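Heads up: the structure comes next, in structure tokens.
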Amino acid sequence: MTDQTASAVDLVAEEASSPLPAARGPWVTALRKLRSDRAAMAALLLFVVIVGLCMLAPLYATYVAKTDPFRSNLTGKIMVDGKRVPVMESSTEGLGLGFTPMGPTWDFRAYFLGADGQGRDVAARLLYGGRNSLWIAGVSTVICLGMAALVGLVAGFFGGAIDWVLSRLLDVLWAFPVYLLAISLSIVLISHGIDIGPISINSGSLSLPIFIIGIIYVPYVARPIRGQVLALKESEFVLAAIGLGVPSHRILFRDILPNVMATLIVFVPLMMAINMLTESALSFLSIGVQPPDASWGTIIQDGQEQLYTRPMVALAPGIAIVITVLALNILGDGVRDALDPRSKLRIRSA
């Protein structure tokens, strides 16, 4: 045996004896792809910061600004640069009648973004409003995706009359323009609330916009889920499970649902961004969040009358909506690329 042959044999034996690298599952691979996407990670960090700041709204209002953002303060005064100044300043326009809210002080301890038409701290209301907007968008997203997943799974797997009935119900919701349907439901339900058996929702409850927004977008998610289930239903592993007599509910939740879970996860940030815009639009029209609660949409409505004198009242929540929705959309694109097996994103080996 020559030296070259002996070296080759030794190399093969060494490679055969060395342990194989541990196989990575699809979720681990997707997570590594997402972590390598700098834009998505920056968007996620920004979104987490926004959520954290909004969650600290009670602490900011109580211990930093020391104000009640839900109580009018037309005659109040605060300390600015060592001087005691009124929150509502005398108007200097026209005949000088009426009052104008004070502008931003850029001091976190008092009226950082100024006051609104009722003398309330805009910065504190911005944080409280953001908390409600994020809560409504998040919960309505969970409701929408849960109902859409259930409808899509049942309609696609069972087919027949069940598929026909569910598809026609989706067609009815699909036939209405989204905002027209949301406005119509809001006007009707805000006037009377919901009282169906054990379910009772008052007209001023945050559950009302959550329910409305969660319902109107179900067809837009259920349709692609149904199509994916129809394709999976013809796959070999599902046909084999059916042939072995596996119960339908086990096939749905153990074989089909895990394969559509990636699609549902991709929808989470995208639907949350859409739901936030819808909630802000409804609240701006006074058919979303009702007083005394606040949201970014209601704050924009409060500031539209002071748009030329105190534009920050309306601009601050508008900028917050833009930044949050932009972060969610960038994050959604990153999640989609990470879960797409055809993604061209390359990862450096660890």
statement: The long-range amide H neighbours of Phe99, using H built 1.01 Å from N in the peptide plane and a cut-off of under 5 Å, are Ser91
query: Counting only the backbone N, which residues of the stretch 192-227 are under 14 Å from the spot 7 Å out from the Cα of Trp174 toward its beta-carbon?
result: 217-227
message: Taking θ = phi - 60°, what integer Hz values does the Karplus form 6.51 cos²θ - 1.76 cosθ + 1.60 yield along the stretch 272-278, in sequence order, with x for Gly and Pro?
response: 5, 5, 5, 5, 5, 5, 5
- prompt: Along the positive direction of the dipole of the chain (beta-carbon charges: Lys, Arg +1; Asp, Glu -1; about the Cα centre), which of Leu328, Leu173, Ala314 reaches farthest?
  reply: Ala314
Approximate spin-label separation His249-Asp163, in nm, with each point projected 7 Å along Cα-to-Cβ: 2.3
Built amide H within the under 5 Å cut-off of Val80, gap 5+: Val85
message: Between Gly288, Gly25, Gly103, where does the largest GNM mean-square fluctuation fall for the chain, given springs only between Cα atoms within less than 10 Å?
response: Gly25
- prompt: Nearest 20 debye, what's the magnitude of the dipole of the chain about its Cα centre given +1 on Lys and Arg Cβ and -1 on Asp and Glu Cβ?
  reply: 300
statement: Magnitude of the Cβ-charge dipole (Lys and Arg +1, Asp and Glu -1) of the stretch 173-286 about the Cα centre, nearest 20 debye, reported as 160
statement: Phi angles of the stretch 65-78, converted by Karplus (6.51 cos²θ - 1.76 cosθ + 1.60, θ = phi - 60°) into ³J(HN,Hα) in whole Hz with x for Gly and Pro, give 6, 6, 9, 9, x, 10, 10, 4, 9, 5, 10, x, 9, 10
Dipole-positive endmost among Leu230, Met79, Ala294 within the chain (Cβ charges, Cα centre): Met79
- prompt: Taking the chain as a Gaussian network, where each spring joins two C-alpha atoms under 10 Å apart, which residue of Ala241, Ala182, Ala338 fluctuates the most?
  reply: Ala241
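Computed from the coordinates by the stated procedures, all read-outs in this text should not be read as laboratory data. As the structure is a prediction and not an experimental result, all values here were calculated from the model. Every residue, glycine as well, gets a Cβ built from its backbone with ideal geometry; the counts of neighbours run over all protein chains shown.
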